[in-house]
């Protein structure tokens, strides 16, 4: 199937036919991986969940959060016994 390349903002985009989307099970917001082969072909495949990348992102996000008083300690200090 020949596909048309169109301008999308400052980038170029390829519209994927609905039948291909149904067969692959992709949905809006999913991530795909694109790669070039030795003969110049482009392949697009669903991206597998990368546990190491997720862990690194989670660690970086956690380190950027300000540490404060424990929520449980705040609740206990205000509790009436």
Checklist entry - What FRET efficiency do you get for residue 21 and residue 58 if R0 is 30 Å and r is their Cβ-Cβ distance, rounded to the nearest 0.05? => result 0.50
Checklist outcome for this item: Comparing 68, 29, 40 in a Gaussian network model of the chain (Cα, 10 Å), the one with the largest mean-square fluctuation is 68
Item to check | Overall dimensions of region 39-81 by Cα: Rg and Dmax, Å | outcome: 21.4, 74
Checklist entry - Tell me, 30, 39 in order of fewest to most beta-carbon neighbours within 10 Å? => result 39, 30
Next on the checklist: Compute the helix-to-body angle for 51-64: its Cα long axis versus the longest principal axis of the chain, expressed 0 to 90° and rounded to tens.
Outcome noted: 40
Checklist entry - Calculated from DSSP H runs of 4 or more alone, at -39500 (n - 2.57) each and per residue, what is the 222 nm mean residue ellipticity of the chain, nearest 500? => result -10500 deg cm²/dmol
Next on the checklist: Taking 8 Å as the Cα distance limit and 6 or more residues as the minimum spacing, I'd like the relative contact order of the chain as a percentage.
Outcome noted: 13
Checklist outcome for this item: Here, residue 43 and residue 2, labelled 7 Å along Cα→Cβ, have an inter-label distance in nm of 2.5
Checklist entry - the chain: D in µm²/s via Stokes-Einstein (Kirkwood Rh, Cα pairs, 4 °C, 1.567 mPa s)? => result 73
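Taken together, the values in this text are just the output of simple stated rules run on the coordinates, not laboratory data. Since this is a predicted model, take the numbers as computed values, not measurements. Reconstructed Cβ throughout: ideal geometry from the backbone, glycine too, with neighbour counts over all protein chains shown.
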